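Asks: I am attaching a structure below and will ask some questions about it afterwards.
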Amino acid sequence: MREVLLAATLLLPLALPLTALAQSTQSPALSFVEPKDGATVRSPFRVKLAVVGMEVAKAGAVVPNSGHHVLIINGDAVPEGQPIPADPTHLHWGKGQTEQKIRLPAGQYKLTAQFANGAHQSYGPAVSQTITVTVK
């Protein structure tokens, strides 16, 4: 039994860097924290996004594994490498925001969260998520 404890004590410091390495090579993923898919909300409502495997940063400089959120209203994810337009249905959170109050008229909406690099180019559908909400 002492040999097992001694081996575990000696191997634990080696396992911790491997755990950190596994986390740092995690595939990027984007998600809605708020609202949840299918939610009914009142305008204005808060949209909160989260990304793992990448860093949220201000738009401008193109830095590997970093970027900013874009909220697409009633649209689909933009193909990887393509520029994302900036218009009333493509809301760039270029100051590094992770949440915003959104005002929409009553109705049902498809909301697509998309992650983009500093030059406003899409990381593609792999780093996006789509939900639907009903605004009362």
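Asks: Would you call ALA77 small (Gly, Ala, Ser) and at pLDDT 95 or above?
Replies: yes
Asks: Only one of PRO64, PRO105 is touching a residue at least 12 places away in the same chain (Cβ under 8 Å) and surrounded by fewer than 19 Cβ atoms within 10 Å (Cβ to Cβ). Can you tell me which?
Replies: Sole residue among the options that is touching a residue at least 12 places away in the same chain (Cβ under 8 Å) and surrounded by fewer than 19 Cβ atoms within 10 Å (Cβ to Cβ): PRO105.
Asks: Let me ask something additional. Condition first: within 23 Å of GLN26 (Cβ to Cβ), among the aromatic types (Phe, Trp, Tyr), in contact with a strand residue (DSSP E or B) (Cβ under 6 Å, 6 or more places away or on another chain) and touching a residue at least 60 places away in the same chain (Cβ under 8 Å). Can you find one or more residues in the stretch 80-97 that meet it?
Replies: no
The values are calculated or read from the model by the stated rules, or taken from the named source; none is laboratory data. From a predicted model like this one, the values you see are computed outputs, not experimental measurements. Here Cβ is always computed from backbone atoms with ideal geometry, including for glycine, and neighbour counts include all displayed protein chains.
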